[in-house]
Structure formats: structure tokens, C-alpha cells
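Since the structure comes first, as C-alpha cells, the remarks are kept for the end.
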Amino acid sequence: MNGTVVRVLLMCLCMMASAFVVAAQDTPPEIPPTPGGQRPGGLGPSTDPQPYEKVITKEAKSKDGVFKVHQIKDKYFYEIPKAEIDKEFLLVSQIAKTTLGVGYGGQALSRRVVRWEKNENRIYLRSINYSITANPSLPIAEAVQNSNTDSIIMAFPVAAYGPNESIVIDVTRMFNTDVFELSARQRLNATTLDATRSYVERISTFPTNIEARASMTYTRAAPPAGAGAGPGGPGGGAAAGGMPPGSATVVLHHSMVKLPANPMMPRLFDERVGYFSIANMDFGRPEHRAQERRFITKWRLEKKDPNAEMSEPVKPIIYYVDRATPAWLVPFTIKGVEKWQKAFEAAGFKNAIIAKMQPSKKEDPDFDPEDARYSVIRWLPSTIENASGPHINDPRTGEILESDIQMYHNIMNLQRSWYFTQVGHLDGRAQKFPMPNNLMGQLVEYVVAHEVGHT
């Protein structure tokens, strides 16, 4: 090989090497920000706190509650009292309304314990996990804490400081962007959220809770040609595995409820007695190993008169009957709830559990069935032949805070089939088609009582 050829080859190799170096040093492309120039969970444009009057202007519509809530046009601000920083809240997200074929209103999305933390001129919303624990007085407690750092869900710049050192933050993007912990995208198996078609409907505040509602539009891409419709095809939905291709607008409801300042004394689970339960791994036990401790989930019932053999409770268990329930079934639904009074009377409580009709907007404009303060028996327009009774509890102790029983419309079809199959030869009423309303009402009453038992 002559010298000219060698020089040419060396020049080519140098040029190729230079090209690789340039390519390696290219700056990676930025992830496109959401509309408004902010990423979900991020801080957004950095600004120093402004004077209170400059942020909460005369345009603000303000409401008092556990936090003050201010609305200025399409923006919402929380004014957090200094005393509520580092306090624990239960954050519950639900699907309040949905598009046909994409699940059902009243479905649970997520629940987690959160706290608001201040660091300099920033506020962090942290998620708290109680799956591992140890007595704070023990040396291992610090190691447990270091292994279970509270995750930051969102970060907010302090917009202003208010009276008595209250802290004002803009929370709009917490509800109108796709924050993973609050999103329905995974439940619906959607591809993405369209922020331009999503907005906050309202945020209401009360003495112990804040209720936020937002319309969110999700989209799902069509499958490649020949791939088939998959579980999200015709007749699909959240229950079947996902929304069909196209757009679906759902209304999400987020309840943030302050947890009891004095936690309930937990009760250990015994597998011989049928309770639902929660568990944590306790690294502070004396058994020479980490010990799983399991607590039953139960309502906190306390007697008004602790010395009385029979007493009404300080706070009864109240179930509200959804106004969507067929009118002729309402009395049977109420009976299904209050059948349990005898069991509580045996435990020394009078009127411990009662049912009421959900108030109308005229009777109580602030009542919302998605409000985590209220237990509601929801009647869902579904052909599913079933019912369910989930409940929400304090993960620290197992205290049941709220329960939403779901009655799917075609539960009546299942009850008719069961009753006819089991006792049709004994009860002439079961041989009539359709079954008499009085008999069907009793069957629904039984289902309600069964689901109340679960909760």
C-alpha cells in the first residue's frame, strides 16, 4: 500500500471519529412541556413570593375551610395555614362521571396519605407509606425512615405569604395536568391526556376537607391495521380493560380529608374472625425478626354514655341512598342498612347505623356523593350482575372513614335467577314473570345488607 493511500485512509478515519464525537456531544432533546410551559409535578416558572394583595386580588372568589381556597378566573389557589403544614391528610380520587363504555361513575381510582411540607419558598406534596414501621423511640426507627422516604408527588413555588404566616400556592396544574398519582389514564388504558380539553370545574373547601372536581379528556390511539380492537373495542371500558380508540372525557373527583388528630386504637386481626384487614411490617418487635402486624378495619364507635349498658354512639355510621336509586327500591335499601342495628345493639349501641336519602341540591347544595366524608350506596346504570362494598380506611390504624357501596342495575336479574333456581318450586311468586316488586325489593334488601356487612 503506497503512502498516498495510507494518508487518505487516515484522513477518512479521523473524519469518522470526529463525526462520532460530535454526535455523542449533542444535547438530548427536551421532553415537550405541557401547555402553559410546565411539566406535571414540576415547579414551573421560578418566581419569588409576591405581596399577598398582588396574588389574591380583588377578583378572587374566596372560601374558608381547612385551607382557604381562592379562585381567580381559571386559576385556583390554596392558602395553607401554618398549623396545617406537616399534618396528614387522606387523598382519595374517584371517577365521578364518565363517557359511555368507559367504566362507571363512582369508581375508585386511588387513595394515599399525604402531607404538605415547606422548604424555603417551596411547598412539596409528599405521599406517605405506612407499609413498614417501627416505634419512634427505638434506634432502628431512623433506619426504617431512611428506607422509606416520603415520595414527592408535586412541588409548588410559594406565590405569596398571607396573614398569620399562611402560605399561598397555585394548585391549578395539580388537577388539570396528568399527574400520575391522580390520573385516570392508566385505569382507562388511555394513550395520553389532552390538557387543552381539560379544566378544573370547581374546588370547594370545608372544615376538615377539600373537594376538587376536574373534567379530563383522554385519548387512545387506534391499534395498527390488522391488530384487532383488543379489550378496548366495542363494549369495552374500564372494567373490560380500556377505552375504545378516540377521545373520552371523564370527571375526576379528588377529596383531601384531614386524618384524625388522635388516631383510633388499632385492633389486632385474628384469622378466626372474618374481618378485612391492613398490614405493616414492624421492625421494632421483640420477636428477633421483623414481624408482620395485621389490624382489622373497623368503624370508630364510642358511646355517648360510656357507663350505660345501651347508648347511642357519639358518631353513628350513616349511609346515604343515591338519588339515582329507583324510587320503589329506596325503602328496601334503607331496610338493608338498618338490619344491622340488632348486631350493634348486642354490642351495646342504639341507632349505631342508619340510612338516609341523599339530600337534593336545594336541601344541601354542598352535598356531593364523591365527598370522602359521606358513605353512599350508589346505583349504577350497568348491565353487570353484581354489587360491591369497598371502604376507605386510615392506614395508620384501620379506622374506616367512609364506604361507597356500588349496586349495578342488573343485580336484580342475578337475584331473580338465583331465587327462581333455589326456591322457585316452593314460592309461587318466583314462578311469575316478571317477579312481583315486593319480592324483588326483598332480594335487593338482602344484597344491600350483604354489602353493608363487607364494610
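The values are calculated or read from the model by the stated rules, or taken from the named source; none is laboratory data. Model, not experiment: these values are computed from the prediction. Every residue, glycine among them, receives a Cβ derived from its backbone with ideal geometry; neighbour counts consider all protein chains shown. Heads up: the accessible areas ignore ligands, DNA and RNA and are worked out on the full protein's heavy atoms, side chains in. Shrake-Rupley method; radii C 1.70, N 1.55, O 1.52, S 1.80 Å.
Computed quantities for the displayed model
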| quantity | calculated |
| --- | --- |
| Given (1) open to solvent by less than 20 Å² (accessible area, probe 1.4 Å); (2) at pLDDT below 95; (3) within 21 Å of the chain's Cα centre (by Cα); (4) not acidic (Asp, Glu), index of the condition Ala134 fails | (3) |
| Residue match in the range 63-81 (condition: on the phi > 0 side of the Ramachandran plot and out of contact with any Phe, Trp or Tyr (no Cβ under 7 Å at 6 or more places or on another chain)) | yes |
| Elements of type strands (runs of 3 or more DSSP E) contained in the range 149-220, each with 3 or more residues being open to solvent by 10 Å² or more (accessible area, probe 1.4 Å) | 151-157, 199-205, 209-220 |
| In the range 400-453, the residues that are in contact with a helix residue (DSSP H, G or I) (Cβ under 8 Å, 6 or more places away or on another chain), surrounded by fewer than 17 Cβ atoms within 10 Å (Cβ to Cβ) and among the charged types (D, E, K, R) | Asp427, Arg429 |
| Cross-chain or 6+ apart pairs with Cβ under 9 Å, the range 119-139 first and among the acidic types (Asp, Glu), then surrounded by 14 or more Cβ atoms within 10 Å (Cβ to Cβ) | Glu120/Val158 |
| Candidates Arg323, Arg285 - the one that is among the basic types (Lys, Arg), over 28 Å from the mean Cα position of the chain (by Cα) and open to solvent by 70 Å² or more (accessible area, probe 1.4 Å) | Arg285 |
| Residue within the range 298-319 that is open to solvent by 80 Å² or more (accessible area, probe 1.4 Å), at pLDDT 95 or above, farther than 28 Å from Leu90 by Cα and part of a helix (DSSP H, G or I) present | no |
| Matching residues, the range 320-348, being within 16 Å of Met412 (Cβ to Cβ), part of a helix (DSSP H, G or I) and among the hydrophobic types (A, V, I, L, M, F, W, C) | Ala327, Trp328, Leu329, Val330, Phe332 |
| Some residue of the range 108-129 being in contact with a strand residue (DSSP E or B) (Cβ under 6 Å, 6 or more places away or on another chain) and part of a loop (DSSP other than H, G, I, E, B) | no |
| Leading residue by the ranking (surrounded by the fewest Cβ atoms within 10 Å (Cβ to Cβ)) among those in the range 288-297 that are under 31 Å from the mean Cα position of the chain (by Cα) and assigned to a loop (DSSP other than H, G, I, E, B) | Ala290 |
| Number of the condition not met by Asp404 [criteria: (1) assigned to a helix (DSSP H, G or I); (2) under 30 Å from Arg267 (Cβ atoms)] | (1) |
| Pick from the range 383-398, criterion more than 13 Å from the chain's Cα centre (by Cα) and aliphatic (A, V, I, L, M), ranking: most open to solvent (accessible area, probe 1.4 Å) | Ile384 |
| Every pair of residues 6+ apart whose Cβ atoms lie under 8 Å, when the first sits in the range 246-269 and is in contact (Cβ under 8 Å) with a residue 24 or more places away in the chain and open to solvent by 50 Å² or more (accessible area, probe 1.4 Å) while the second is of a type in the set (Gly, Ala, Ser) and not in a strand (DSSP E or B) | Pro266/Gly398; Arg267/Gly398 |
| Odd one out for Ile278, checked against (1) in contact with a Phe, Trp or Tyr (Cβ under 6 Å, 6 or more places away or on another chain); (2) assigned to a loop (DSSP other than H, G, I, E, B); (3) farther than 30 Å from Asn437 by Cα; (4) not hydroxyl-bearing (Ser, Thr, Tyr) | (2) |
| Positions within the range 349-368 being part of a loop (DSSP other than H, G, I, E, B) and exposed (fewer than 13 other Cβ atoms within 10 Å of the Cβ), in sequence order | Ser360, Lys361, Lys362, Glu363, Asp364, Pro365, Asp366 |
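Here is a yes/no grid of residues against (1) open to solvent by less than 30 Å² (accessible area, probe 1.4 Å); (2) more than 24 Å from Glu117 (Cα to Cα); (3) in contact with an Asp or Glu (Cβ under 6 Å, 6 or more places away or on another chain):
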{"site": "Tyr52", "(1), (2), (3)": "no, no, no"}
{"site": "Lys63", "(1), (2), (3)": "no, no, no"}
{"site": "Val69", "(1), (2), (3)": "yes, no, no"}
{"site": "Ala83", "(1), (2), (3)": "no, no, no"}
{"site": "Leu91", "(1), (2), (3)": "yes, no, no"}
{"site": "Lys97", "(1), (2), (3)": "no, yes, no"}
{"site": "Leu100", "(1), (2), (3)": "no, yes, no"}
